[in-house]
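Notes for the one structure printed next.
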There are 2 protein chains.
Amino acid sequence: MSRDIYLASVPLYEALSEWLKKLDSEGVLRPLSGEKIETIGSLGRVTAEAVSAKISSPFYHSSAMDGYAVRFAETFGASERNQKRLKTGEQAVYVDTGDPMPDGFNAVIMIEDVNIIRGTGSDDQYIEIISPATPWQHVRVIGEDIVATELILPENQVIRPVDIGAMLAGGHVEVLVRQRPKIVIIPTGTEIVEPGSDLKKGDIIEYNSRVLGGLVSEWGGDPVRFRIIPDNLEELKKAILDAHAMGDMIVINAGSSAGSEDFTAKAIGDLGEIVLHGVNIKPGKPVVLGWVKGKPVLGIPGYPVSAFITFTLFAKPLIHKWQGLDITEPETLKAKISRQVASTPGQEEFLRVKLGKVGDQCIATPVTRGAGVMMSLVRADGFLRIPAMSEGIGAGSEVEVELLRSKRDIENTIVCIGSHDNTLDLLANILKKRFPRYSLSSAHVGSMGGLMALKRGEAHMAGTHLLDEETGEYNISFIKKFLSGKGVLLINLVYREQGLLVPKGNPGNIRGFEDLAKGDVAFVNRQSGAGTRLLTDKCLRELGINPADVKGYDREEYTHMGVASAVLTGVADTGLAILASARALGLDFIPVAKERYDLAIPKEFLNIDMIGHFLKIIREDNEFRETVADLGGYDISDMGKVMYEA
Amino acid sequence: MSRDIYLASVPLYEALSEWLKKLDSEGVLRPLSGEKIETIGSLGRVTAEAVSAKISSPFYHSSAMDGYAVRFAETFGASERNQKRLKTGEQAVYVDTGDPMPDGFNAVIMIEDVNIIRGTGSDDQYIEIISPATPWQHVRVIGEDIVATELILPENQVIRPVDIGAMLAGGHVEVLVRQRPKIVIIPTGTEIVEPGSDLKKGDIIEYNSRVLGGLVSEWGGDPVRFRIIPDNLEELKKAILDAHAMGDMIVINAGSSAGSEDFTAKAIGDLGEIVLHGVNIKPGKPVVLGWVKGKPVLGIPGYPVSAFITFTLFAKPLIHKWQGLDITEPETLKAKISRQVASTPGQEEFLRVKLGKVGDQCIATPVTRGAGVMMSLVRADGFLRIPAMSEGIGAGSEVEVELLRSKRDIENTIVCIGSHDNTLDLLANILKKRFPRYSLSSAHVGSMGGLMALKRGEAHMAGTHLLDEETGEYNISFIKKFLSGKGVLLINLVYREQGLLVPKGNPGNIRGFEDLAKGDVAFVNRQSGAGTRLLTDKCLRELGINPADVKGYDREEYTHMGVASAVLTGVADTGLAILASARALGLDFIPVAKERYDLAIPKEFLNIDMIGHFLKIIREDNEFRETVADLGGYDISDMGKVMYEA
């Protein structure tokens, strides 16, 4: 029976419980039946029944030493004074370590403890011993490792390398393991194209199915990727039926919303039953939970972050359950949130955050909230759930973050908050190249934001290029003012050229800031607090231009590359940014100023191993220096030099 | 140059440093070169170069809403009073979410915010708007997710599902990843047979290569298993040369010691160079570190525990390094050791321990130290390293344990220390079957040992069957005496039959304990503190037999199955154990007593989730009850009943 729910707003816990109740009532919320596979190929699989030893290991008594097997009763009475002779071949049989004990023999005397004596007959030989053997001495008895019938592995155990060894030793060349759940993923959309296609405007590269498939693999399942299906109800229905025969669950991505070309819910409803359409979460609201002819069918939203979240929420529990594994909560970490987060009450939000351990505290910094920003998932270390009833979270609050990376990885991350520069990408890369365990995480909040983060103990370092117009000096007066009393080292990274970026050939014929007030030039600005924003304001002030007269002054980007991209793509005609960003995107560059870009590092962090390595790279690594020089617009003559120390 | 070292005793840190120095000086201690593979198949691989976006994502401006694309300049002046009309097709173009923006259009007005007006001409149509559009409103601009040239992944990054998505979005259908190190494993030994062979005395089932291969897979390498090579120097040398062409490292298992049939060191020395033969660790001393024609060759000892330890120590760092991953220390956990461990000074020992979280403390309990006991690795949760200089560790000391299971798994383990009963295996299995996240770990130290463990806070529960001869009652008086002041619940598990086990058909014609003093019957006993040992002593005392007159009274086993195995295999003629153990191994059984076997559980643990589930299984699970009944010799009429409460 199809329930008629049209983008409902069911709370997540209700949706989950309704979903699991449905699956349970249909009898599918339980482990899949087992399949016999070769034990040697069972690594990582899950046992579908208890494995008890068929045979003992070892399955015969064997010598644990190089020496002579004897019957211990025949050694009674031997002593230093009263040495005892045993005839070899009859009373004493030579054995190497591991050799089976001859029948009837029940002790071993080490080779070091016997004298070998030649007898009178041609083949006669004896051993002479000086102490009696105790029963079963130096014998590895049957079952020393595994006794037949003993439990080797319980049901529902994930098989490790040592488990494979024990099962083979216990006589199991085959093992009954849970079938891998087969999950068929159908990418849909008329505009969707395969990666590597010749791209034309309007095409969307299909990669969600690969992300979802990767998750299925990580969860122990077997992903099957269906061909791309255009936005057509009948074709989609046929695809669902074809996929139905191929796997245990069908996943349709996307078309799960309620737009004119969203057929997923309709197709599921026509073929079976919509359990729920629409869950009160953000991102991920337009999910479809369906049931078609005895199998679950998920309609997953198209935005990659929505897809990741909803698939994890609604598919993972079932994929685990099918393998006999528990539905486990994600690992969490308590952290302090670095800035205020407003949230619209009424929807449970999954906020992506970066995490860093700075000093004793773990700091969570929100990244972009756009559901379409795949890189936000690449960069995020975890999710922070903001309850539906909440209006937001105050800066400095303690929050619990569900982890996407390991705690160890998070502890090995250098947190750099402040101004953006393209060389930070290079630093992140070279650090991981030299020291794979360490990562550099940089958040771009402008120079002032960086210094404030240092003040609050939320970053290991801050990139800063703040010009004191009175002294003409960079950064130092700001550190004195805002970080007084904090021991800080100021180290130069680069001098760099800032300028106005314009499209190749400068079609607008822009000569400098003086052209920005003319009204026909669209500018793109940086966010307030950015050093580059201060430079813009200084230039305008010197020219007597009122910012209100600059078209686009209010349009803010957070990075140099953001500005360059806006100019390249026609969103703006010009913007102030560094030469490297112009070079990267092939833009023309009108020089405005050369400025100093430093890193401010509290001294308390200097003896941390990863910070030491980081500084060494800045000071000594030739590959890094050359790559920076290649970017263009950089002067590295003072790279690594201490500019100031407080 | 071959160095002539014959089973040296080099300390581990020296051996490791010499090994890594050798590899470094030969130029192999660095990442393998990269190979291009399809991005969609790169899950879990490691990037061999930085991945920067080739194209922006999205690569064209697209609408973020369903609505009309407009030129924002043409919307100036629209207001509620002064509505503005735009001609569709010319000034306003309908777009769905995701549609590319028509050329020259730079804002979208949501469908909800327009009125559609039919014009005077046949095809004329207009939209009416009541407020101006801001530049680029509701437009997903180029590069919103990824800006071309932006760093997507650094070098040496393990690729996750989301990384695959970002790489595909950034235009990478292929990615350069580290080659998987190929590790060729050669099993050797004339007595070695494949699992599943018809076994005869003297055969050894080959499983080490499968354990080592599994470890290689877990470490990201690609194991290649060579055929079994007999103990023959020339054949082994030929095998090494064949294997040399097949992989990056050759591993020979075993023949690494200095016995008469140990050819590994000789073969390596003949073909190349022995870097080291013999490391001062236990188990694992006879390891060979070799170098043949530009590739590392490891000679790994044959005992499974020695093989596991030495392979992890000497192969894992290289396999990681070859993939561009750091050599990482194993995760560790601080724990309190539950009993004293003596250690011979002069060798660094790798002690296997079980771990359990009981209350606030983590308890480490040593398991068997035998290098041949594979099950000790299956059961162990971690390794405790005892330094070469140490004579041992006192009970209650804090130690650091290198983990073999996750902390979460350890926290989800019920620690049961005390008397052994076969039903504990069944309980372990049914618990994991019903609740895959939970495990039952049972250590067999006898009933008294169990109560003492409860007293010290080292176990969640203890199995006990201590008869008070004065009262005829089981367990209660002992709990009163040894656990006074501790709130304890005593719950019956089973009544069970104890008796003398004898081989099928009772060839020795044993009728009861009265036959044990006759001198020709070999007895096998249980360890002191075991309830069954007390029962033995009571029986002997009642018959007036002096234990000194019982042959084998000093031979101790720790479990009922150990006693049964000793009788089955002829190590002993008889021993006292439960009927279930006789049934399991097909032995005859001479009944001696029926006794009560209870579980003592401190009340403080009763509200722990896993303990609650455990008790529910004992009280309500029919499958468990039936399986226990099937074992034979059990009376389950009081199963789960509270026998006493303190």
Filter region A:535-573 down to residues that are away from chain B (no Cβ under 14 Å) and open to solvent by less than 30 Å² (accessible area, probe 1.4 Å) and give me whichever is farthest from A:M448 (Cα to Cα).
A:I545
Of these, A:K238, A:K201, which one is within 8 Å of chain B (Cβ to nearest Cβ) and over 30 Å from A:D145 (Cα atoms)?
A:K201
Against the conditions (1) within 14 Å of chain B (Cβ to nearest Cβ); (2) closer than 30 Å to A:V367 by Cβ; (3) of a type in the set (S, T, Y), where does A:S260 fall short? Just the number, please.
(2)
Being in contact with a Leu (Cβ under 7 Å, 6 or more places away or on another chain), of a type in the set (A, V, I, L, M, F, W, C) and closer than 29 Å to B:M452 by Cα is the filter here, so list the residues in region B:312-347 that pass it.
B:L333, B:A335, B:V341
If you scan region A:107-124, which residues turn out to be open to solvent by less than 30 Å² (accessible area, probe 1.4 Å) and within 13 Å of chain B (Cβ to nearest Cβ)?
A:A107
Take the conditions under 18 Å from the mean Cα position of the chain (by Cα), within 12 Å of chain A (Cβ to nearest Cβ), crowded, with 22+ Cβ neighbours inside 10 Å and among the polar types (S, T, N, Q) and apply them to B:N422. Does it pass?
no
Within region B:35-54, count every residue that is part of a loop (DSSP other than H, G, I, E, B) and in contact with a strand residue (DSSP E or B) (Cβ under 8 Å, 6 or more places away or on another chain).
7
Residue ranges of strands (runs of 3 or more DSSP E) in region A:63-152 with at least 1 members more than 29 Å from B:G372 (Cα to Cα)
A:84-87, A:114-118, A:125-129
All but one of (1) within 23 Å of A:H61 (Cα to Cα); (2) modelled with pLDDT under 95; (3) at the interface with chain A (Cβ under 9 Å from one of its Cβ atoms) hold for B:T190, so report the exception by its number.
(3)
Kindly list the number of the only condition in (1) open to solvent by less than 20 Å² (accessible area, probe 1.4 Å); (2) more than 8 Å from chain A (Cβ to nearest Cβ); (3) closer than 21 Å to A:Y303 by Cβ; (4) at pLDDT below 95 that fails for B:G170.
(4)
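One residue is enough: does region B:341-362 have a residue meeting the conditions of a type in the set (S, T, N, Q) and within 11 Å of chain A (Cβ to nearest Cβ)?
no
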Listed by first then second residue, the pairs whose first member lies in region B:423-450 and is closer than 24 Å to B:R408 by Cα, whose partner is part of a loop (DSSP other than H, G, I, E, B) and hydrophobic (A, V, I, L, M, F, W, C), with beta carbons under 7 Å and at least 6 positions apart or on separate chains, are B:N429/A:A50; B:P436/A:L325
Looking at A:E604, A:E626, A:E595, can you tell me which residue is touching a residue at least 24 places away in the same chain (Cβ under 8 Å), more than 14 Å from every other protein chain (Cβ to nearest Cβ), outside any loop (DSSP other than H, G, I, E, B) and surrounded by fewer than 17 Cβ atoms within 10 Å (Cβ to Cβ)?
A:E604
Just to be sure before I move on: is A:S260 at pLDDT below 95 and open to solvent by less than 10 Å² (accessible area, probe 1.4 Å) in the structure I sent?
no
Here is a check on your reading of the model: is A:L23 assigned to a helix (DSSP H, G or I), away from chain B (no Cβ under 12 Å), touching a residue at least 24 places away in the same chain (Cβ under 8 Å) and open to solvent by less than 30 Å² (accessible area, probe 1.4 Å)?
yes
Starting from residues that are acidic (D, E) and over 25 Å from the mean Cα position of the chain (by Cα), keep the ones in region B:203-238 and report whichever is least open to solvent (accessible area, probe 1.4 Å).
B:D203
Conditions: (1) buried (at least 19 other Cβ atoms within 10 Å of the Cβ); (2) modelled with pLDDT under 95; (3) outside any helix (DSSP H, G or I). A:L576 meets all but one. Number of the miss?
(2)
Name, by its number, the condition in (1) touching a strand residue (DSSP E or B) at 6+ places or on another chain (Cβ under 8 Å); (2) open to solvent by 50 Å² or more (accessible area, probe 1.4 Å) that does not hold for B:S439.
(2)
May I ask you to list the residues in region B:379-404 that are crowded, with 16+ Cβ neighbours inside 10 Å and charged (D, E, K, R)?
B:R379, B:D381, B:R385, B:E402
Please count how many residues of region B:239-257 are modelled with pLDDT under 95 and open to solvent by 60 Å² or more (accessible area, probe 1.4 Å).
0
In region B:295-321, what count of residues is obtained for those that are hydrophobic (A, V, I, L, M, F, W, C) and open to solvent by 10 Å² or more (accessible area, probe 1.4 Å)?
2
Here are some conditions: (1) open to solvent by less than 30 Å² (accessible area, probe 1.4 Å); (2) at the interface with chain A (Cβ under 7 Å from one of its Cβ atoms); (3) closer than 30 Å to A:N429 by Cα; (4) in contact with a strand residue (DSSP E or B) (Cβ under 7 Å, 6 or more places away or on another chain). B:I159 meets all but one. Which one does it not meet?
(2)
Here is a list: B:A522, B:A517. Which entry is of a type in the set (G, A, S) and surrounded by 19 or more Cβ atoms within 10 Å (Cβ to Cβ)?
B:A522
Restricting the search to region B:303-352, which residues are among the hydrophobic types (A, V, I, L, M, F, W, C), modelled with pLDDT of 95 or more and part of a strand (DSSP E or B)?
B:L333, B:A335, B:F350, B:L351
Given the conditions (1) in contact with a helix residue (DSSP H, G or I) (Cβ under 6 Å, 6 or more places away or on another chain); (2) closer than 15 Å to B:Y644 by Cα; (3) open to solvent by 20 Å² or more (accessible area, probe 1.4 Å), every one holds for B:Y474 apart from (1)
Those residues of region A:375-402 that are touching a Phe, Trp or Tyr at 6+ places or on another chain (Cβ under 9 Å) and at pLDDT below 95 come to a total of 0
Inside region A:180-202, can you point out the residues that are part of a strand (DSSP E or B), touching a residue at least 60 places away in the same chain (Cβ under 8 Å) and open to solvent by 20 Å² or more (accessible area, probe 1.4 Å)?
A:K182
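The values are calculated or read from the model by the stated rules, or taken from the named source; none is laboratory data. Treat the numbers as computed from the prediction; the structure is a model and nothing was measured. Reconstructed Cβ throughout: ideal geometry from the backbone, glycine too, with neighbour counts over all protein chains shown. Just the protein is used for accessible areas: all its heavy atoms, side chains included, with ligands, DNA and RNA removed. Shrake-Rupley method; radii C 1.70, N 1.55, O 1.52, S 1.80 Å.
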